[in-house]
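Everything on this sheet refers to the single structure shown next.
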Amino acid sequence: MKENQSSVSEFILLGLPIRPEQQGVFFSLFLAMYLTTVLGNLLIILLIRLDSRLHTPMYFFLSHLAFTDISFSSVTVPKMLNNMQTQDQSIPYAGCIAQMYFFIFFTDLDNFLLTSMAYDRFVAICHPLHYTTIMTQELCTSLVAVSWVMSCVSALSHTLLLARLSFCADTTIPHFFCDLAALLKLSCSDTSLNELVIFTVGVAVITLPLICILTSYGCIGVTILKVPSTKGICRALSTCGSHLSVVSLYYGTIIGLYFFPSSSTSSDKNVVASVMYTVVTPLLNPFIYSLRNKDMKGALEKLFNRATISSQ
């Protein structure tokens, strides 16, 4: 039987499953990864803002995705680094709930932005003659605004339902951040409504966007097979590889973690899998988009040349 405790002042985050003597090495590693994530995504935002050639719908969505990746990492990694450095694994109740809210918010926002980018590629390749009339600035702004609103509603629904629960005396979370599933396991209240909302909202913010992305690329594949030599389509297709790489990495990890969960005795595997999409994916996005995209490479060279000339 769980010992009931109606009010909780703090939770204990167990963190990553690493030995004490390895703390220093992993702290340096994750600090370097976090700084690279922030600087890399800031560079993407800067390039898109400074280069007029990148003022297109696709890069408009990419700049918002870069901002989301910075925020997404900043929700969990700084606290994890602080815990590793100070050995203080506690997190206040309010801080834990806030961390959970923003984690869900930016996760959902990532999903919707990736879907918007897939739709942009679908229109560019399948309806190239109508691209400029369909993908207007108003539509792009509306898609981003709707993404923010839906993400906020999703995160808020989980947060409000969690806030009504009572927690048990054991407030130890076997994770490096306040994961919703881990928090529900610590509750002494009936969590059936929370689980129902997780399922229904999960379908709306994860499954449906993934279906839309796969459908978009299915249509793109059919179009490419019909007209494989069209120059405009080949140019538009060059950006699809980058987007598909990000989608595969992001959704592959989430599906493996949440749709095919490990047994309860292997929570360490779940923690390691969570590191993949909370730390590694936002880190790789700048490299994927810059190394595989000629426009981004050109904008980066232009920025370096401008900086070199101004320094002389």
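The values are calculated or read from the model by the stated rules, or taken from the named source; none is laboratory data. In this text, all values refer to a predicted model and were calculated from it rather than measured experimentally. So basically every Cβ, Gly included, is an ideal-geometry build from the backbone, and we count neighbours across all protein chains shown. These accessible areas exclude ligands, DNA and RNA; they are computed on the full protein's heavy atoms, side chains included. Shrake-Rupley method; radii C 1.70, N 1.55, O 1.52, S 1.80 Å.
Look at (1) in contact with a His (Cβ under 7 Å, 6 or more places away or on another chain); (2) farther than 27 Å from residue 31 by Cβ; (3) of a type outside the set (Ser, Thr, Tyr); (4) modelled with pLDDT of 90 or more and you find that residue 148 fails only one, number (1).
Considering 60, 67, the condition of being without any contact (Cβ under 8 Å) to a residue 60 or more places away in the chain, touching a helix residue (DSSP H, G or I) at 6+ places or on another chain (Cβ under 7 Å), open to solvent by 20 Å² or more (accessible area, probe 1.4 Å) and not hydroxyl-bearing (Ser, Thr, Tyr) is satisfied by 67 alone. Tell me which residues, restricted to region 103-115, are without any contact (Cβ under 8 Å) to a residue 60 or more places away in the chain and open to solvent by less than 10 Å² (accessible area, probe 1.4 Å). Passing the criteria: 109, 113. Just one of the listed residues (247, 272) is in a helix (DSSP H, G or I), open to solvent by 40 Å² or more (accessible area, probe 1.4 Å) and modelled with pLDDT under 85, and it is 272. Of the numbered conditions (1) out of contact with any helix residue (DSSP H, G or I) (no Cβ under 7 Å at 6 or more places or on another chain); (2) of a type in the set (Gly, Ala, Ser); (3) closer than 27 Å to residue 182 by Cβ, residue 9 satisfies every one except a single condition; which is it? That leaves (1) as the condition not met. If you check residue 143 against the conditions, is it touching a residue at least 12 places away in the same chain (Cβ under 8 Å) and open to solvent by less than 40 Å² (accessible area, probe 1.4 Å)? Taking the combined requirement at face value, the residue does not satisfy it. Would you say residue 73 is buried (at least 21 other Cβ atoms within 10 Å of the Cβ), part of a helix (DSSP H, G or I) and not charged (D, E, K, R)? Yes. When you look at residue 278, is it open to solvent by 40 Å² or more (accessible area, probe 1.4 Å) and modelled with pLDDT of 70 or more, yes or no? Considered against the rule, which asks whether it is open to solvent by 40 Å² or more (accessible area, probe 1.4 Å) and modelled with pLDDT of 70 or more, residue 278 comes out as no. When region 1-19 is examined, which residues are found to be at pLDDT 80 or above, open to solvent by 60 Å² or more (accessible area, probe 1.4 Å) and not in a strand (DSSP E or B)? Within region 1-19, 9, 14, 17, 19 qualify. As a summary of the residue check, residue 129 satisfies the conditions (1) of a type outside the set (Lys, Arg); (2) over 19 Å from residue 158 (Cα atoms); (3) buried (at least 23 other Cβ atoms within 10 Å of the Cβ) except for the one numbered (3).
Within this structure, residue 80 fails the test of being in a helix (DSSP H, G or I), out of contact with any Asp or Glu (no Cβ under 9 Å at 6 or more places or on another chain) and open to solvent by 10 Å² or more (accessible area, probe 1.4 Å).
Determine whether residue 285 is modelled with pLDDT of 75 or more and open to solvent by less than 40 Å² (accessible area, probe 1.4 Å). When the stated conditions are applied, residue 285 passes them.
Quick one: which helices (runs of 4 or more DSSP H) lie wholly within region 156-231 and hold at least 3 residues that are buried (at least 17 other Cβ atoms within 10 Å of the Cβ) and in contact with a His (Cβ under 8 Å, 6 or more places away or on another chain)?
On the way: elements: 180-186, 192-202, 208-226.
Hits in region 156-231: 192-202.
Only a single item in (1) part of a helix (DSSP H, G or I); (2) open to solvent by less than 20 Å² (accessible area, probe 1.4 Å) is not met by residue 94, and it is number (2). Quick check, is residue 36 surrounded by 13 or more Cβ atoms within 10 Å (Cβ to Cβ), more than 30 Å from residue 184 (Cβ to Cβ) and in contact (Cβ under 8 Å) with a residue 12 or more places away in the chain? Answer is yes for this residue. Quick one: which of 302, 294 is of a type in the set (Lys, Arg), modelled with pLDDT of 75 or more and open to solvent by 40 Å² or more (accessible area, probe 1.4 Å)? After applying the criteria, what remains is 302.
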